[in-house]
Amino acid sequence: MDIWFYVGLGLLIWAIRDLAFGSTYWWERVALAENPGTYWVCVLVWLVAALAILATSPTTYYLFS
C-alpha cells in the first residue's frame, strides 16, 4: 500500500465530515450558514482531490483488478 491511498481516504473522510456538520476549514472556519458559496467550493475541492488521488493510486488499481 502506498501513502497516497491513505491521503485520499483521509481527504474523503474529511469531506464527508464537512458535509455532515456543515462547516469546513480552509484558512479559517467556513460555515454553510454564514458563507454557502465558499463552503461548497471548499468541500468540492476536498472531494475532487480525494477522488483524484484515489483514482490514480496504485493501491486502487491493485484492489480492483
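The values are calculated or read from the model by the stated rules, or taken from the named source; none is laboratory data. Model, not experiment: these values are computed from the prediction. Using ideal geometry, Cβ is built from the backbone for each residue, glycine included, and neighbour counts are taken over all protein chains shown. Remember, those area values only see protein heavy atoms, side chains included, never the ligands or the DNA or RNA. Shrake-Rupley method; radii C 1.70, N 1.55, O 1.52, S 1.80 Å.
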Any pair with Cβ under 6 angstrom, 6 or more apart, that starts in region 1-27 at a residue that is charged (D, E, K, R) and ends at one that is surrounded by fewer than 17 Cβ atoms within 10 Å (Cβ to Cβ)
2/58; 2/59
Let me confirm something: among 8, 37, which residue is assigned to a helix (DSSP H, G or I), at pLDDT 90 or above and open to solvent by less than 40 Å² (accessible area, probe 1.4 Å)?
8
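Restricting attention to region 12-24, report how many residues are within 23 Å of residue 34 (Cβ to Cβ) and either in a helix (DSSP H, G or I) or of a type in the set (Lys, Arg) (or both). Break it down stepwise before answering.
Quick first cut of region 12-24, residues within 23 Å of residue 34 (Cβ to Cβ) only: 14-24.
Applying the additional criterion that residues be either in a helix (DSSP H, G or I) or of a type in the set (Lys, Arg) (or both) yields 14-21.
Counting residues in region 12-24 that are within 23 Å of residue 34 (Cβ to Cβ) and either in a helix (DSSP H, G or I) or of a type in the set (Lys, Arg) (or both) gives 8.
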